[in-house]
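**Q** One structure, as structure tokens, below. Some questions next.
The values are calculated or read from the model by the stated rules, or taken from the named source; none is laboratory data. This one's a predicted model, so the numbers in the text were calculated from it and none came from an experiment. Every residue, glycine among them, receives a Cβ derived from its backbone with ideal geometry; neighbour counts consider all protein chains shown.
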Amino acid sequence: MNQSSLWFLVVQEVVAAAVGSFGLLLGMAKRKPSLISIGALGLVELLLAIQFVLSIVLVSGGARAKTDTVEFFSYLVVAMIVPIGAGFWALVERTRWSTMVLGVAGFTVAIMLARMEQIWFGL
């Protein structure tokens with residue numbers, strides 16, 4: 001990843017944090033998981049999938065993380081699992097706490113993306 005692709009990581013961080021806030025607000029309002037709350041986390045997953053493909057293309061072209069490329073991909077794969085697990089939880093247990101789990105998952109991904117930024121760019 002080069003400096004020009006930094007914007008995509010930042011956009012993902014902002015979207016994941018916004019989805020996290022949205023989920024927590026809906027949970028505090030005692031709302032059960034809905035297509036909107038699960039779909040918002042689905043957007044985070046879609047962005048992660050795009051990041052995965054982009055990262056593979058860049059590494060195939062010779063790009064490497066400043067710190068550790070394997071660690072970067074480890075974070076990316078785990079970050080992709082978090083929304084899937086939270087979405088599954090929300091579908092199985094349809095309570096307001098599941099909506100809170102969706103929010104926590106959004107924040108978890110945002111934090112993991114920030115760490116991925118540090119790993120790749122050596123910040």
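**Q** Report, by residue number, each residue of the range 24-59 that is more than 17 Å from the chain's Cα centre (by Cα), part of a helix (DSSP H, G or I) and of a type in the set (Gly, Ala, Ser).
**A** Gly27
**Q** Could I ask something else about it? Going through Ile36, Ile56, Ile81 one at a time, which residue ends up being within 25 Å of Ser5 (Cα to Cα) and touching a Phe, Trp or Tyr at 6+ places or on another chain (Cβ under 9 Å)?
**A** Exactly one residue qualifies, and that residue is Ile56.
**Q** Sticking with this one: Restricting the search to the range 77-91, which residues are hydrophobic (A, V, I, L, M, F, W, C) and closer than 16 Å to Gln12 by Cα?
**A** Val77, Val78, Ala79, Met80, Ile81, Val82
Residue by residue, here is whether (1) at pLDDT below 95; (2) within 18 Å of Thr108 (Cα to Cα) holds:
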| residue | (1), (2) |
| --- | --- |
| Ser4 | yes, no |
| Trp7 | yes, no |
| Val10 | yes, yes |
| Ala17 | no, yes |
| Val44 | no, yes |
| Ala49 | no, yes |
| Ile56 | yes, no |
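**Q** Further question on the same structure: Is at least one residue of the range 105-112 out of contact with any strand residue (DSSP E or B) (no Cβ under 6 Å at 6 or more places or on another chain), in a helix (DSSP H, G or I), among the aromatic types (Phe, Trp, Tyr) and surrounded by fewer than 16 Cβ atoms within 10 Å (Cβ to Cβ)?
**A** no
**Q** May I pose another question? Please verify whether Met100 is under 26 Å from Lys32 (Cα atoms), without any contact (Cβ under 8 Å) to a residue 40 or more places away in the chain and assigned to a helix (DSSP H, G or I), treating the condition exactly as stated.
**A** Here the answer is no, as Met100 does not meet what is asked.
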